[in-house]
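Participant: My questions will all concern the structure given below.
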Amino acid sequence: LSNHQGPTSFSPSPEGERKHATVLFSDLAGYTAMVEKLDLEEVKGIMGRIFERAGRIAEKYDGTVERFFGDEIMVLFGVPIVHEDDPIRAIQTAMEIHASVEDMSQEFERHNGITIRMHSGINTGLVITGEKNIGKGRHGLTGDTINLAKRLTGIAKAGEIVIGQGTYRQSKDHFSHQAMNPIRVKGKAEPVQLYKISGIKAQADLLSQDNERQVYSEMVGRDRELNKLKLQLAKAVDGAGSVVNVMGEAGIGKSRLLAEFRKADALKGAMLLEGKAISIGRNLPFHPIIDLLKHWAKIRDNDCEISSLSKLETAVKSVSREDADEVFPFLATLMGIKLTGHHAERVAGIQGEALERLILKNVRDLLSKASDMVPLVLVIDDLHWADSSSIELLESLFRIAESKRILFINIFRPDHSETSEKVCCILKNDPSVYYVEIVLEPLDTNFSEKLIGNMLNIEGLSNTFKKR
Ligand SMILES: Nc1ncnc2c1ncn2[C@@H]1O[C@H](COP(=O)(O)OP(=O)(O)OP(=O)(O)O)[C@@H](O)[C@H]1O
Ligand SMILES: [Mg+2]
């Protein structure tokens, strides 16, 4: 992960300094039952295993384990290593710790009937570093942010992750949440709003937010780039598919260009499917592909397993009724949706490379068939954050564009060796794929001034409304 979204800064923490940080507390629910049923050595052994796994997960996300104490884990994000997405990292860490303990729990349930689950609280805000003789942890942190994080852990029931307002603000685009009852906190006049994490957001849910943010002011410049995209779309509709890479630095306007492209007339006769890689996605196999398939099958975040399964089956059948029983189990497996009955039997016992090959074959067949019915435009935004399995899968999918009505649009920041650079390299060296590059350069002075002018205008207008 650190290769892909390197720390924005590393700052040693002198004593008594105020820092912006995200604090995660995870506690074991079922600890008392465990202590009553097992002897002390066994309990210590179990806690040791949990701590060891939690430590590895935290490390993966550049979190610092502050302490393991009794049945409590405290992990810090933003001290000493700062990332732009620390709250997201903290939530992902908690989710993985929870999943890992749930895995362990199955073993205990079988042996001595004990169920173990974690419950976590996460809060973001100012912490005071340093006073090592006061605090128990490595950085000896103190402050209200920490106290509240600990309190949230108490509010979270077994299996739940409860977060405070600051964490929510910086993570709400990535995770779905449920608002909880506000609580009163010492030193704050107003009650504090809390949220419970209910899942990772799917593209279908993100799209509306993206559009809201992106089509904020008129697009300035970029006519040439937009026309290039439209040209490739027209060609794909006519049967000459291709792969387009849209590249540029953070904030240069890649997603804005995509928002404009969504309005293209020619898209009315095509099916546009989007997937989005996320900054913590290096550790989530196939995330952007799964996201895109969820978008296609209209699976939403709050769909339960049964409803996701039935939506997926309907979608597969709409493309290929005769092969549905073959394609559907592999697609569901790729998407991590649990199968039942004869569908579960179809994939039972198939593992490793054999499973990967079958998944790949079925995704490829499905997209090929779908493109016979309607031209497809498959977009992956923020591809620089994708995991290696997604890149490999895409690599073999790109080839179908050659003979099918499929346009792939990959959007990414350059200079990520395992993803962006790899995709460019694959495409440059594959003569069987028609490949187009769109590099977004900074807007020239005239356009930049126009853009700023437009934004100030909108600001001005909204201020006028507020005054009224
Ligand atoms: N040409 C443009 N005309 C109008 N607004 C623009 C233009 N380019 C960028 N913006 C605005 O600037 C902001 C950042 O652009 P955008 O989100 O598209 O960047 P990005 O290249 O996708 O960055 P990231 O790599 O972080 O995803 C957005 O609010 C967007 O609407
Ligand atoms: Mg973007």
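The values are calculated or read from the model by the stated rules, or taken from the named source; none is laboratory data. As the structure is a computational prediction, the values presented were derived from the model and not from experiment. All Cβ positions, even for glycine, are placed from backbone atoms using ideal geometry, and neighbour counts span all protein chains on display.
Participant: Kindly provide the set of residues from region 174-185 that are free of Cβ contacts under 8 Å to residues at least 60 places away in the same chain and either surrounded by 15 or more Cβ atoms within 10 Å (Cβ to Cβ) or β-branched (V, I, T) (or both), ordered by number.
Facilitator: Those that are free of Cβ contacts under 8 Å to residues at least 60 places away in the same chain and either surrounded by 15 or more Cβ atoms within 10 Å (Cβ to Cβ) or β-branched (V, I, T) (or both): H177, M180, I183, V185.
Participant: Only residues in region 334-357 that are touching a residue at least 12 places away in the same chain (Cβ under 8 Å) count as the first member; pair them with residues that are of a type in the set (D, E) and in a helix (DSSP H, G or I), Cβ under 7 angstrom, at least 6 apart or cross-chain, and list the lot.
Facilitator: Once the first residue is touching a residue at least 12 places away in the same chain (Cβ under 8 Å) and sits in region 334-357, its partners that are of a type in the set (D, E) and in a helix (DSSP H, G or I) give I337/E305; K338/E305.
Participant: Identify, from the list S279, S208, the residue that is within 13 Å of ligand 1 (Cβ to nearest atom) and either at pLDDT below 85 or farther than 13 Å from I380 by Cα (or both).
Facilitator: Result: S279 is the single residue among S279, S208 that is within 13 Å of ligand 1 (Cβ to nearest atom) and either at pLDDT below 85 or farther than 13 Å from I380 by Cα (or both).
Participant: Residue check, L355 against (1) under 27 Å from the mean Cα position of the chain (by Cα); (2) closer than 30 Å to L229 by Cα; (3) in a helix (DSSP H, G or I), all met but one. Which one?
Facilitator: (2)
Participant: Follow-up question, since we're still on this one. Would you pick out the residues in region 224-262 that are closer than 16 Å to V439 by Cβ and not in a helix (DSSP H, G or I)?
Facilitator: Within region 224-262, V243, V244, N245, V246, M247, G248, E249, A250, G251, I252, G253 meet the criteria.
Participant: What is the number of the single condition among (1) part of a helix (DSSP H, G or I); (2) within 16 Å of ligand 2 (Cβ to nearest atom); (3) closer than 22 Å to E395 by Cβ that I289 does not meet?
Facilitator: Every condition holds for I289 apart from (2).
Participant: Another question, then. Go through V243, V220, V237 for me and flag whichever is closer than 16 Å to D382 by Cα and either crowded, with 17+ Cβ neighbours inside 10 Å or away from ligand 1 (no atom under 14 Å from the Cβ) (or both).
Facilitator: Checking each option against the conditions leaves just V243.
Participant: Can you say whether E249 is within 16 Å of ligand 2 (Cβ to nearest atom), in contact (Cβ under 8 Å) with a residue 60 or more places away in the chain and exposed (fewer than 15 other Cβ atoms within 10 Å of the Cβ), as far as the supplied structure shows?
Facilitator: Yes: the conditions hold for E249.
Participant: Within region 376-392, how many residues turn out to be more than 21 Å from D173 (Cα to Cα) and touching a residue at least 12 places away in the same chain (Cβ under 8 Å)?
Facilitator: Qualifying residue count, region 376-392: 7.
Participant: Let me ask something additional. Pairs needed: first member in region 25-36, farther than 15 Å from S105 by Cβ; second member anywhere, surrounded by fewer than 18 Cβ atoms within 10 Å (Cβ to Cβ); C-beta distance under 8 Å; at least 6 residues apart or different chains.
Facilitator: Note: pairs meeting the criteria are F25/E72; F25/K150; V35/V43.
Participant: R169: at pLDDT below 90 and among the basic types (K, R), yes or no?
Facilitator: Judged against the criteria, R169 is not a match.
Participant: Regarding region 66-87, can at least one residue be identified that is at pLDDT 90 or above and part of a helix (DSSP H, G or I)?
Facilitator: Yes, the conditions are met somewhere in region 66-87.
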